[in-house]
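Since every read-out is calculated from the coordinates, none of them should be taken as a lab result. Every value quoted in this text rests on a predicted model; they were computed, and no experiment measured them. Note that each Cβ is placed from the backbone with ideal geometry, even for glycine, and that neighbours are counted across all protein chains shown.
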Amino acid sequence: MVVIGAGQAGLSAAHHLQRAGADFVVLDADAAPGGAWQHRWSSLRLDRANGIADLPGLPLTGDPAERASTAMARYFAEYEAHFALPVRRPVAVRRVTRTDDGFALDTGEGTWTTRGLVNATGTWSRPFWPAYPGRGTFRGRQLHAAQFPEAADFADQHVLVVGGGISALQLLVEVAEVTRTTWVTRRPPVWRDTDFDPDAGRAAVALVEQRVRAGLPPGSVVSVTGLPVTDEVRRARERGVLDRLPAFDRMTPTGVGWDDPRRELDVDVVLWATGFRAALDHLAPLHLRVPGGGIVVDGTRVVAEPRLHLVGYGPSASTIGANRAGRTAVQELLATLAG
């Protein structure tokens, strides 16, 4: 058995494979433990990170004010060592093809074969950059949230933050502490002033499950969960930081522009906090995508290929969801192979 990826979902699946006594290996493209967490911006602390959950069997400990990238990289490394998980790195899987009894994985370290496959490659390696007329003419700086350094790098510059998700909100508030900002979102933000209760969580997951069962790409569930209103957000709102503008129609050499009414805004930096897409290019040879653009998934099982499970994808893209998905995927995949 092979697990691709050693982030939250991959390590959860590895844990349950080990408990089941399976013969398996985890192939991870990163040079060190930590999954996507190790690449997050330096100012993100544990107590400000959204939705961290313990991996199964070993709780996360540490200072809530610690840098999340450092703390989570250490935690994942401890987890791998504690359970002696067979993680091989850096091993990037370039192509997955079918064989008579399973799959062949073409990697930078040779070819691996397996009867069953758990894919846990996440989204971090596929930041989404929207296409806008004139984007190539902009003379300022453009970067994605995945490349965010620290807020101090933008001092004395006008920063346009594009995106309506939690990362966009966090980065906007942080950058606004040191310089002028403007916020642009496609839709008016939906705010959540109360705790995120189980009913809201189930509604959010149900939305994504409905999409992946229909063969559509997983979408954002912020419209269901809403953006959390913390004390920090309230202070930013009082300062006018959260006064957003609708999506612009084009980019200019000096900024962005709207057609109706026609106006332009000069900015120095465009920060694209526009999310990520599932990193599944290596699965393209399996021809799993349907006309809707997604892969039809029932739970974690790929309907067109039951020997393949996607964890950390769609409804299991949260840390809690990834834990549950790892357990479910292993149980179902072992049952399929035994049958």
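Which residue fluctuates most in the GNM of the chain (Cα springs below 10 Å): 90, 261, 56? Comparing 90, 261, 56 in a Gaussian network model of the chain, the most mobile one is 261. The residue among 96, 122, 52 whose Cα reaches farthest toward the positive pole of the charge dipole of segment 50-124, with charges on the beta-carbon of Lys, Arg, Asp and Glu, is 96. Once both axes come from the Cα atoms, what is the angle between helix 8-19 and the longest principal axis of the chain, in degrees from 0 to 90, rounded to 10? With both axes taken from Cα atoms, the answer is about 20 degrees. Secondary-structure-derived ellipticity at 222 nm for the chain, considering helices only, amounts to -8000 deg cm²/dmol, per-run term -39500 (n - 2.57) for DSSP H runs with n ≥ 4.
Peptide packing: for 112-120, 61-69, the average count of neighbouring Cβ atoms within 10 Å per residue gives the ranking 112-120, 61-69, highest mean first.
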